[in-house]
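Report on one structure; see the data block that follows.
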Amino acid sequence: MPVTVHRSPVADMAPLTLYRILWMRVAVFVVEQEAAYPEIDGRDIEPGAELFWAADGDDVLATLRVLREPANTRIGRVATAPEARGRGIAADLMRAAIELLDAEAPGIPILLDAQAHLASWYGRFGFVVSGAPFAEDGIPHVPMRRTHLATERLVLREWTRSDDDRAFLFDMYRRPEVRQYLGNGRVMADPVEVDGLLDRWQGLGEGILGVRAVETAGGERVGSVLLKRIPWSKTVAGGRDEEIEIGWHLHPDAWRHGYATESAGAVLSLAHRHGIDRVIA
């Protein structure tokens, strides 16, 4: 039989299907990985939670869980039965979940905690490492994040550590005409500086805040758009809330096409939809 993909809240699932999903999750995460932890953790029945699964007849081959949290969505509990591995079934489930969440909540981050050895696999779907590594039940993990916001001509996404993204950023920030109004105006002189920049940007990701790559619908990189906090200096803070700043840095080859207006407008609309009423530039 052909493999079929399904999704449902727990309350609406057939009991035998739910049993098979939970049985497989325990077999993978508790027995196979030798981690004694509360696999059935109560989150499957939270408001907005859904299970995705791939089935061949009555047999559950792979599964994942989607959670809808206040400032983001989250994918977790990604598991494939041993006999079904290597067939791309989990990848099909990931694509189905991401497509749903991108359509339902454009621009809202999708988060996940990846086992460290699987970070590159999740990277295939646009996830990037977004924080320090940690151990969970003795297994190394990394937090990961994915954002996607489309306009008429552009796609706004996370910057990655790929060779192409790093080469573009170095080429953009080595140019005096780009750097002249940024900080002290110093241009990048060594491609290794890009890693430090990406490290700093990683720390700015918080809910819808962060630094996004801007590329055309055809995949041509044009620059960055920023929505981030500006902390007050200690001498003027006085208990005031931090300001939210918008900014954009475009490669000179992309100037005078309206890309800054289009990408900044999309980010401003996203901010206003999610309760940020004041943005400065």
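The set of residues from segment 264-278 being farther than 16 Å from A105 by Cα, open to solvent by 60 Å² or more (accessible area, probe 1.4 Å) and not acidic (D, E) comprises just one member, R278. Among the residues of segment 168-181, the one identified as open to solvent by 60 Å² or more (accessible area, probe 1.4 Å) and either in contact (Cβ under 8 Å) with a residue 60 or more places away in the chain or closer than 23 Å to G131 by Cβ (or both) is E177.
Restricting to segment 5-44, what's the tally of residues that are of a type in the set (V, I, T), surrounded by fewer than 15 Cβ atoms within 10 Å (Cβ to Cβ) and either under 26 Å from the mean Cα position of the chain (by Cα) or modelled with pLDDT under 90 (or both)? Outline the logic, then answer.
Residues of segment 5-44 of a type in the set (V, I, T): 5, 10, 17, 21, 26, 28, 30-31, 40.
Still in the list and also surrounded by fewer than 15 Cβ atoms within 10 Å (Cβ to Cβ): 26, 31, 40.
Still in the list and also either under 26 Å from the mean Cα position of the chain (by Cα) or modelled with pLDDT under 90 (or both): 40.
Total meeting the criteria: 1.
Cβ-Cβ distances below 8 Å connect the following pairs, each with a first residue in segment 144-167 that is farther than 22 Å from E206 by Cα and in contact (Cβ under 8 Å) with a residue 12 or more places away in the chain, a second residue that is open to solvent by 60 Å² or more (accessible area, probe 1.4 Å) and assigned to a strand (DSSP E or B), and a separation of six or more residues or different chains: D164/R221. Checked across segment 248-255, the condition of being under 23 Å from G126 (Cβ atoms), aromatic (F, W, Y), modelled with pLDDT of 90 or more and in a helix (DSSP H, G or I) holds for no residue. Just one of (1) more than 24 Å from D102 (Cα to Cα); (2) at pLDDT 95 or above; (3) touching a strand residue (DSSP E or B) at 6+ places or on another chain (Cβ under 7 Å); (4) open to solvent by 60 Å² or more (accessible area, probe 1.4 Å) fails for R221. It is (1). The set of residues from segment 26-52 being part of a loop (DSSP other than H, G, I, E, B), charged (D, E, K, R) and either free of Cβ contacts under 8 Å to residues at least 12 places away in the same chain or within 18 Å of P70 (Cβ to Cβ) (or both) comprises E34, D41, E46.
Out of L64, L101, I need the residue that is open to solvent by less than 50 Å² (accessible area, probe 1.4 Å) and touching a Ser or Thr at 6+ places or on another chain (Cβ under 8 Å). Which one?
On the way: L64 fails: touching a Ser or Thr at 6+ places or on another chain (Cβ under 8 Å).
Result of the check over L64, L101: L101.
Among residues of segment 59-72 that are within 15 Å of I98 (Cβ to Cβ), those with a Cβ under 7 angstrom from a residue that is open to solvent by 40 Å² or more (accessible area, probe 1.4 Å) and assigned to a strand (DSSP E or B), sequence gap 6+ or separate chain, pair up as L64/R77; R65/R77; L67/R74. Does G86 satisfy being over 25 Å from G107 (Cα atoms), out of contact with any Phe, Trp or Tyr (no Cβ under 8 Å at 6 or more places or on another chain) and loosely packed, with under 14 Cβ neighbours inside 10 Å? Yes. Taking (1) open to solvent by 30 Å² or more (accessible area, probe 1.4 Å); (2) in contact with a Pro (Cβ under 9 Å, 6 or more places away or on another chain) in turn, G131 satisfies each apart from (1).
Among the residues making up segment 99-120, those that are under 26 Å from Q33 (Cα atoms) and either without any contact (Cβ under 8 Å) to a residue 24 or more places away in the chain or among the β-branched types (V, I, T) (or both) are I110, H117, L118, S120.
Determine whether segment 53-76 contains at least one residue that is more than 22 Å from A119 (Cα to Cα), in contact with a Lys or Arg (Cβ under 7 Å, 6 or more places away or on another chain) and not in a helix (DSSP H, G or I). Within segment 53-76, one or more residues are more than 22 Å from A119 (Cα to Cα), in contact with a Lys or Arg (Cβ under 7 Å, 6 or more places away or on another chain) and not in a helix (DSSP H, G or I).
The number of residues in segment 224-241 being open to solvent by less than 80 Å² (accessible area, probe 1.4 Å) and either modelled with pLDDT of 70 or more or closer than 20 Å to E152 by Cα (or both) comes to 6.
Residues in segment 119-128 that are of a type outside the set (G, A, S) and surrounded by 15 or more Cβ atoms within 10 Å (Cβ to Cβ) were compared, and the one that is farthest from S269 (Cα to Cα) is W121.
Return the total of residues in segment 165-189 being assigned to a loop (DSSP other than H, G, I, E, B) and of a type outside the set (S, T, Y). Please lay out each step first, then the result.
Filtering segment 165-189 down to residues assigned to a loop (DSSP other than H, G, I, E, B) leaves 174-175, 180-189.
The next check asks that each one be of a type outside the set (S, T, Y); those that pass are 174-175, 180, 182-189.
Residues meeting the conditions: 11.
The values are calculated or read from the model by the stated rules, or taken from the named source; none is laboratory data. What you are looking at is a predicted structure, and each value in this text was computed from that prediction instead of being measured. FYI the Cβ positions are ideal-geometry reconstructions off the backbone, even for glycines, and counts take in every protein chain you see. Quick note on the areas: whole protein, heavy atoms, side chains included, nothing else; ligands and nucleic acids left out. Shrake-Rupley method; radii C 1.70, N 1.55, O 1.52, S 1.80 Å.
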